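Asks: Pasting a structure below so you can have a look.
Any read-out appearing in this document is the output of simple, stated calculations on the displayed coordinates, not a laboratory observation. The structure displayed is predicted, hence computed values, not measured ones. For neighbour counting, all protein chains shown are included, and Cβ atoms are generated from backbone atoms with ideal geometry for every residue, glycine included.
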Amino acid sequence: MSSTIFIQTPFQSKSLNKSLNTHFVPSFKLPVSLSFKPRTAAFSKRVHIRAGLIEPDGGKLVDLHVSEPERELKKREAASLPKVKLTPIDVQWVHVLSEGWASPLTGFMRESEFLQTLHFNSLRLDGGSFVNMSVPIILAIDDLQKASIGESDRVALLDSDDKLIAILTDIEIYKHPKEERIARTWGTTAPGLPYVEETITNAGNWLIGGDLEVIAPIKYNDGLDRFRLSPVELRKEFERRNADAVFAFQLRNPVHNGHALLMTDTRRRLLEMGYKNPVLLLHPLGGYTKADDVPLSWRMKQHEKVLEDGVLDPETTVVSIFPSPMHYAGPTEVQWHAKARINAGANFYIVGRDPAGMGHPVEKRDLYDADHGKKVLSMAPGLERLNILPFRVAAYDKTQGKMAFFDPSRAQDFLFISGTKMRTLAKNKENPPPGFMCPGGWEVLVEYYASLTPSDNDRIPQPVAA
């Protein structure tokens with residue numbers, strides 16, 4: 001593993017940097033009709049290849065960190081400001097905003113941005129152009145906090161240990177329409193939505209927006225900070241590797257050989273299109289996840305084994321952590337996942353079955369149609385520059401003893417191993433069919449489930465900024 005590099009209405013809203021060049025720089029476009037049809041990568045056609053990484057939304061990545069010489073001054077200023085306590089998930093959103101994943105957004109959303117996001121899944125910039133923004137990035141406060149802020153136009157944001165994280169400036173306080181937010185983000189108000197129960201149900205009835213001045217880069221001191229590369233750092237890494245295409249794959253689960261088949265086949269097809277060095281961004285989600293997901297630290301161990309065992313090529317793979325919390329909001333949320341990868345430099349995005357989805361919290365069915373995520377991505381306003389790569393279905397081919405792309409003409413030869421089945425096998429210390437997952441990766445999963453106690457099955461540790 002020594003050779004592997006693990007990388008870590010022209011209505012202008014005030015939190016958008018007004019100095020940004022808001023004209024999109026067109027990237028190459030794959031042949032599609034000018035009518036309103038899905039835009040997915042047409043691998044069967046040759047296209048004109050352009051060198052260089054895709055430009056970030058708004059033309060420039062925002063950086064909301066205070067410069068080091070100014071930090072002490074900002075700390076002294078913060079001492080006299082009203083204080084707002086952040087939850088660990090709030091801090092994760094500060095992390096996301098501070099590094100430019102949500103560019104050109106420069107802080108927690110004010111009401112104009114919140115409403116545009118909620119109703120249009122986009123933000124309008126100067127000049128009439130717009131960028132995709134499908135999930136609200138907001139900060140909730142309660143009545144007492146609102147009263148304590150009074151007429152101040154700035155507040156200090158503290159973590160649970162009273163450490164100063166940021167100053168929020170030019171603030172705006174407005175009502176928190178919880179039911180409307182939930183209904184429009186998730187398409188349901190059914191009880192049992194994990195992110196809702198964790199962050200919205202008991203949150204305050206007010207939202208506070210403004211521009212962020214983040215005192216220092218967010219660190220978690222969990223041994224994984226070296227994997228948490230910012231969009232700027234990722235772009236530098238892609239340039240160092242002379243990447244002429246970047247294809248991103250998000251996951252919140254362990255990598256099995258079906259995933260690997262998809263990723264290696266994608267690179268093969270990009271080479272056939274004329275690219276010289278397409279690079280994979282393997283980008284596990286690193287913020288809040290629900291209780292039955294494998295924790296980030298164990299997933300990273302498993303991903304490392306996948307590279308060690310040669311399932312993916314370390315020379316053409318960058319493994320990094322995406323710091324965003326997970327909503328499980330299906331077609332709405334997958335737009336956010338794709339938009340953020342544009343800012344990291346990806347011009348291709350792999351989307352699979354039921355992206356960002358989950359089982360219905362009340363009924364015995366999926367919450368979202370399994371195909372809607374990829375269909376929405378292919379048509380979403382503000383994502384026109386991103387080429388969508390639909391997930392080809394892979395299953396275990398019993399005749400070959402390995403994962404292969406599903407062939408419906410001989411369906412009887414294929415075995416579908418669900419996530420539930422995989423977890424059951426690992427919990428029982430049983431092995432899956434040979435060729436389903438690399439042995440080292442499977443050992444990590446077995447070790448994880450063996451480490452659990454009955455109480456651990458109800459919750460998992462979440463990354464907490466140090």
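Asks: Explain nothing, just compute: Karplus ³J(HN,Hα) = 6.51 cos²θ - 1.76 cosθ + 1.60, θ = phi - 60°, for every residue of segment 273-281 in order, whole Hz, x for Gly and Pro.
Replies: 6, x, 5, 9, 8, x, 10, 8, 9
Asks: OK, next. Using label points projected 7 Å from each Cα along Cα→Cβ, tell me how many nm separate D142 and A183, to one decimal.
Replies: Label at D142, label at A183, 2.6 nm between them.
Asks: Determine ³J(HN,Hα), in whole Hz, for all residues of segment 336-345 in sequence, where each value follows from phi through the Karplus function 6.51 cos²θ - 1.76 cosθ + 1.60 and θ = phi - 60°; x replaces Gly and Pro.
Replies: 4, 4, 6, 4, 5, 6, 4, 5, 7, x
Asks: Could you sort out which of K236/K305; K146/K175; K85/K163; K74/K146 sit more than 19 Å apart by Cα distance in this structure?
Replies: The answer is K236/K305; K74/K146.
Asks: Mean residue ellipticity at 222 nm from the helices of the chain, using -39,500 (n - 2.57) per DSSP H segment of n ≥ 4 over the full residue count, to the nearest 500 deg cm²/dmol?
Replies: When only DSSP H runs of four or more count, the value is -8500 deg cm²/dmol.
Asks: Let me ask something additional. What aspartates and glutamates could a cross-link reach from K398, if we take a straight Cα to Cα line under 13 Å and drop same-chain neighbours fewer than 8 places away?
Replies: D407, D413
Asks: Using modelled backbone amide H atoms (1.01 Å from N, in-plane), which distant-in-sequence or interchain residues come within less than 5 Å of D366's amide H?
Replies: Sorted by chain and number, the residues that satisfy this are H360.
Asks: Let me ask something else. Classify segment 225-451: rounded, prolate or oblate, from the alpha-carbon gyration tensor (a ≥ b ≥ c, eigenvalue square roots; a/c under 1.5 rounded; otherwise prolate if a/b is larger than b/c)? Walk me through the numbers before you get to the answer.
Replies: Working: a/c = 1.29, a/b = 1.23, b/c = 1.05.
Because its axes are fairly even, with a/c under 1.5, segment 225-451 counts as rounded.
Asks: On a full-extension model of 0.36 nm per residue, what is the gain between R226 and A370, subtracting their alpha-carbon distance, rounded to one decimal in nm?
Replies: Taking 0.36 nm per residue and subtracting the Cα distance, the gain is 48.4 nm.
Asks: Continuing with this model, one more query. What is the antiparallel percent of DSSP beta bridges lying wholly in segment 68-214, to the nearest 5?
Replies: Taking every DSSP beta bridge within segment 68-214, about 85 percent pair in antiparallel fashion.
Asks: Same structure again: Between K175 and V393, what is the FRET efficiency for a Förster distance of 45 Å, r being their Cβ-Cβ separation, to the nearest 0.05?
Replies: About 0.50, to the nearest 0.05.
Asks: Scan around W206 for amide H atoms under 5 Å from its own, H built in the peptide plane at 1.01 Å from N, and keep only partners 5 or more places away or cross-chain.
Replies: Excluding prolines and chain starts, which carry no amide H, the hits are I141, H176.
Asks: Quick query: amide H of I165 versus all other amide H atoms, modeled in the peptide plane; which residues come in under 5 Å with a sequence gap of 5 or more or a different chain?
Replies: L157, L158, D159
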